[in-house]
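Have a look at the structure below, then the notes.
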Amino acid sequence: MPDTCLLTEGEIAARVETIARKIAPAIDDYTVCVCLLTGGLWFAADLTRALARLGRDPLFDCLWLASYGDARTSAGACEVRAGLQREIAGRRVLIIDDVLDSGTSLAQAARMVREAGAAEVQTCVFARKPWPSDRAIVPDFVAWEAPAEFLVGYGMDNAGRGRGWPGITTGG
């Protein structure tokens with residue numbers, strides 16, 4: 001059961017619409033949105049629908065990276081479980097993830113798409129948590145400045161549970 005609700009489903013939806021309005025002018029219909037699995041799936045689905053309502057129809061792909069497993073802290077390195085399926089050489093890419101904690105996954109994803117020949121790489125996270133030191137990457141778009149809490153819901157999990165909760169909570 002969740003502890004404290006930080007964002008309701010309605011508040012999340014409003015933040016997605018707001019960030020989509022910021023992103024829409026920065027991309028085109030040839031941009032490839034790359035969702036980082038597994039947590040980024042919820043945000044990526046909502047964001048790409050919000051972009052469609054704004055007249056944008058980007059391409060879509062996924063990259064499956066794992067640095068947490070069922071732990072509450074990053075292992076400090078990412079395992080690539082599934083790579084890109086779409087050709088991105090010469091294209092603009094928008095990487096979409098649920099939360100920026102240490103930045104390990106997002107930084108690795110950005111490096112991978114650059115190495116695959118992306119013409120431009122932008123990053124977007126739903127939640128950015130405060131961090132005690134500089135991170136390897138600063139996202140281009142952030143929907144919500146989250147507290148320094150363990151977050152569950154809207155794609156974020158506690159040992160695989162709670163991802164489907166419609167709001168974001170401080171536990172699980």
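Some observations on this one:
- Considering only PHE141, GLY162, LEU151, the residue lying farthest towards the positive end of the dipole of region 92-168 is GLY162, judged by Cα position with unit charges set on Cβ.
- Taking all pairs of distinct alpha-carbon atoms in region 1-52, Kirkwood radius in angstrom: 12.3
- A Förster radius of 35 Å, combined with the Cβ-Cβ distance separating ALA45 from ASP134, puts the computed FRET efficiency at roughly 0.70.
- About its Cα centre, the dipole of the chain is roughly 160 debye, where the only charges are +1 on Lys and Arg Cβ and -1 on Asp and Glu Cβ.
- The chain, helix-only ellipticity at 222 nm - DSSP H runs n ≥ 4, -39,500 (n - 2.57), divided by all residues, nearest 500: -7500 deg cm²/dmol
- For the listed peptides 102-114, 125-137, a ranking on the average number of other beta carbons within 10 Å per residue, highest first, reads 102-114, 125-137.
- Beta bridge orientation in region 14-147: antiparallel %, DSSP, nearest 5: 10
- Amide N of region 30-44 lying under 20 Å from the label point, which is placed 7 angstrom from the Cα of ALA13 along Cα→Cβ: 41-44
- Taking the chain and dividing mean pair separation by its residue count, relative contact order in percent (alpha carbons under 8 Å, at least six apart): 27
Values quoted throughout were computed directly from the atomic coordinates according to the rules given, and no laboratory measurement underlies them. A quick note: this is a predicted structure, and the numbers were derived from the prediction, not measured. As a convention, Cβ positions derive from the backbone with ideal geometry for all residues, glycine included, and neighbour counts pool all protein chains shown.
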